[in-house]
Structures are given as C-alpha cells and as structure tokens.
Amino acid sequence: MVVMTQSSIFTRIIEREIPADVVYEDDRVIAFNDIAPQAPVHVVVVPKTADYANVVELAAADPGLLAHVVGVAKRVADERANGEFRLVFNTGESAGQTVFHAHAHVLAGGLAEGTLGSK
Ligand code: AMP
C-alpha cells in the first residue's frame, strides 16, 4: 500500500500525533521500532525534515544528514544487537517504498545470507 498524504505517517510520529516505540532521538533524527518487524531487530531511522522523499534526494541535498542516519544505525545495532546490521533504503514504489519521507531500515540480530530481496 502506498501512503501519500500531506503529512506522512513519520511526520505524525515526529510530532507525537501518533505513538511509536522510540529507541533514539536527537535534533535531526528519530529512530523507532518498525510496527511490522522483518528481523529480530528492525528499527527505522528517520530524518526529522520531510523535505526528502527518499535517500537519493537526501544524499544530494544533505550528505551530512545521511551520514548521521548511518551513524545512528550503527548506534542502534551496537545497543540492540552485536553491532552488525543491514541498512535498507527502499527507493520507489516498485522497490517496496510505502512512506515517501526518507528513512533507513536497520535490520539486525541474525540475518541469513541470500535474504536480501524477493523475486
Ligand atoms: P518503506 O516500505 O520502506 O516505505 O518503510 C515504511 C515502514 O514503516 C514499513 O516497514 C512499515 O512497517 C513502517 N511503519 C508504518 N507505520 C508505522 C508506525 N506507525 N510505526 C512504526 N513503523 C511503521
């Protein structure tokens, strides 16, 4: 399902209009447990700005913020797993993106090889 609203569900979480299980927050990003986890650890790291619909836009406009997202992903993996993790940025509907507010999926806690995508 594609979610395209004036205010994305992630902005509503950032603004505390809807609840989330927040595991990290600072002035630039928020990180919370995914509501439909696909790994033992599945945390979404979201820049607070809604200016970027996906990681390509984020990287072009604010590479420092993208680097911060990666650093927060590492912190989450250190705190909640063994520091190893998979970082996924779904980019576009046909790649599985449903929320068009740039975000990273941090997947950790025991992932098998050969599970990167489905056919
Ligand atoms: P994507 O499909 O890459 O756009 O990722 C969106 C992710 O947001 C999905 O993995 C959803 O399970 C997750 N999600 C949607 N709504 C919520 C919510 N209210 N709290 C936590 N995660 C959510």
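Quick note: the coordinates plus some simple rules give every number you see, no bench work behind them. Because the structure is a prediction, the values reported are computed rather than measured. No Cβ is skipped: glycine too gets one built from the backbone with ideal geometry, and neighbour counts run over all protein chains shown.
Taking the helices alone, the chain has a mean residue ellipticity at 222 nm of -7500 deg cm²/dmol, built from -39,500 (n - 2.57) per DSSP H run of at least 4 residues and averaged over all its residues.
For a test of the definition: using alpha carbon positions, the gyration tensor, and the 1.5 limit on a/c, classify the chain as rounded, prolate or oblate. Verdict is rounded for the chain. The trypsin sites (Lys or Arg not before Pro) of region 1-79 that meet both conditions, a loop assignment by DSSP and at most 12 other Cβ atoms within 10 Å of the site Cβ, are 16.
How about region 1-88: which GluC sites (Glu not before Pro) there lie in a loop by DSSP and see at most 10 other Cβ atoms within 10 Å?
Working: sites: 15, 17, 25, 57, 79, 84; in loops: 15, 17, 84.
Taking region 1-88 and a limit of 10 other Cβ atoms within 10 Å, the loop GluC sites (Glu not before Pro) found are 15, 17.
From least to most packed, judged by other beta carbons within 10 angstrom and beginning with the fewest, 14, 35, 9, 30 follow the order 35, 9, 30, 14.
Tell me, what is the percent relative contact order of region 31-108, built from C-alpha pairs under 8 Å that lie six or more residues apart?
Across region 31-108, relative contact order equals 42 percent.
Label-to-label distance for residue 75 and residue 91 is 2.5 nm, based on points extended 7 Å past Cα in the beta-carbon direction.
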